[in-house]
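The values are calculated or read from the model by the stated rules, or taken from the named source; none is laboratory data. The model shown is predicted, which means the values in this text are computed figures rather than measured ones. Positions of Cβ are generated from backbone atoms using ideal geometry, with glycine treated the same way; all protein chains shown enter the neighbour counts. Remember, those area values only see protein heavy atoms, side chains included, never the ligands or the DNA or RNA. Shrake-Rupley method; radii C 1.70, N 1.55, O 1.52, S 1.80 Å.
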Amino acid sequence: MSVARRPLLTATAAGSLLCALWFVPSANATDGKPPSAPARSTAATAGTEADLALADTGTVDTSPYLFGGTLFLGLGAGFVAFSVRRARQQH
(Lines give C-alpha, C1' and ligand atoms only; values in the text may rest on other atoms or scores of the structure.)
Protein backbone atom coordinates (compact mmCIF):
# COMPACT_ATOMS: atom_id res chain seq x y z
CA MET A 1 0.00 0.00 0.00
CA SER A 2 1.28 3.41 -0.86
CA VAL A 3 2.22 5.76 1.95
CA ALA A 4 0.36 8.59 0.18
CA ARG A 5 -2.95 6.73 0.47
CA ARG A 6 -2.84 6.22 4.23
CA PRO A 7 -4.08 9.74 5.07
CA LEU A 8 -6.91 9.28 2.58
CA LEU A 9 -7.95 6.00 4.19
CA THR A 10 -7.70 7.55 7.67
CA ALA A 11 -9.83 10.50 6.60
CA THR A 12 -12.36 8.14 5.00
CA ALA A 13 -12.55 6.02 8.14
CA ALA A 14 -12.97 9.11 10.34
CA GLY A 15 -15.65 10.55 8.07
CA SER A 16 -17.51 7.24 8.01
CA LEU A 17 -17.41 7.08 11.80
CA LEU A 18 -18.75 10.62 12.11
CA CYS A 19 -21.54 9.88 9.65
CA ALA A 20 -22.43 6.70 11.56
CA LEU A 21 -22.51 8.61 14.86
CA TRP A 22 -24.93 11.09 13.32
CA PHE A 23 -27.58 8.34 13.47
CA VAL A 24 -27.12 7.75 17.21
CA PRO A 25 -30.09 9.29 19.02
CA SER A 26 -29.62 11.93 21.67
CA ALA A 27 -30.15 11.02 25.32
CA ASN A 28 -31.47 14.44 26.29
CA ALA A 29 -34.44 13.75 28.57
CA THR A 30 -35.30 17.34 29.46
CA ASP A 31 -37.64 19.71 27.69
CA GLY A 32 -35.06 22.50 27.65
CA LYS A 33 -36.79 24.69 30.24
CA PRO A 34 -34.97 25.44 33.49
CA PRO A 35 -36.81 24.27 36.61
CA SER A 36 -37.78 27.73 37.85
CA ALA A 37 -41.12 26.98 39.51
CA PRO A 38 -41.30 24.72 42.58
CA ALA A 39 -42.83 21.31 42.05
CA ARG A 40 -46.58 21.23 42.52
CA SER A 41 -48.45 18.33 44.01
CA THR A 42 -50.30 15.99 41.70
CA ALA A 43 -53.59 16.81 43.44
CA ALA A 44 -53.32 20.43 42.34
CA THR A 45 -52.49 19.51 38.74
CA ALA A 46 -54.72 16.45 38.33
CA GLY A 47 -56.98 18.32 35.94
CA THR A 48 -54.30 19.13 33.39
CA GLU A 49 -53.18 16.31 31.15
CA ALA A 50 -49.98 18.05 30.02
CA ASP A 51 -48.44 17.87 33.50
CA LEU A 52 -49.21 14.16 33.84
CA ALA A 53 -47.77 13.14 30.47
CA LEU A 54 -44.43 11.67 31.53
CA ALA A 55 -43.39 9.97 28.31
CA ASP A 56 -44.49 9.64 24.73
CA THR A 57 -45.77 6.10 24.37
CA GLY A 58 -46.09 6.17 20.60
CA THR A 59 -43.99 4.05 18.30
CA VAL A 60 -40.52 5.12 17.26
CA ASP A 61 -39.84 5.58 13.56
CA THR A 62 -36.79 3.38 13.00
CA SER A 63 -36.58 3.75 9.22
CA PRO A 64 -33.75 6.34 9.25
CA TYR A 65 -31.70 4.05 11.49
CA LEU A 66 -32.34 1.03 9.30
CA PHE A 67 -31.54 2.97 6.13
CA GLY A 68 -28.37 4.51 7.58
CA GLY A 69 -27.20 1.22 9.08
CA THR A 70 -27.74 -0.60 5.80
CA LEU A 71 -25.97 2.14 3.87
CA PHE A 72 -22.90 2.12 6.13
CA LEU A 73 -22.83 -1.68 6.29
CA GLY A 74 -22.79 -1.77 2.50
CA LEU A 75 -20.12 0.93 2.40
CA GLY A 76 -17.94 -1.02 4.85
CA ALA A 77 -18.42 -4.26 2.92
CA GLY A 78 -17.43 -2.41 -0.26
CA PHE A 79 -14.23 -1.14 1.36
CA VAL A 80 -13.37 -4.64 2.57
CA ALA A 81 -14.01 -6.16 -0.86
CA PHE A 82 -11.95 -3.42 -2.50
CA SER A 83 -9.00 -3.92 -0.16
CA VAL A 84 -9.08 -7.71 -0.59
CA ARG A 85 -9.15 -7.34 -4.37
CA ARG A 86 -6.23 -4.90 -4.33
CA ALA A 87 -4.23 -7.16 -2.02
CA ARG A 88 -4.73 -10.11 -4.41
CA GLN A 89 -3.71 -8.03 -7.42
CA GLN A 90 -0.42 -7.00 -5.81
CA HIS A 91 0.71 -10.60 -5.24
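The table below gives the values:
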{"read-out": "Contour minus Cα-Cα distance for residue 8 and residue 88 (0.36 nm per residue)", "value": "26.7 nm"}
{"read-out": "Cβ-derived FRET efficiency at R0 22 Å, residue 17 paired with residue 66, nearest 0.05", "value": "0.70"}
{"read-out": "Accessible-area order (highest first, 1.4 angstrom probe) of the listed residues 88, 6", "value": "88, 6"}
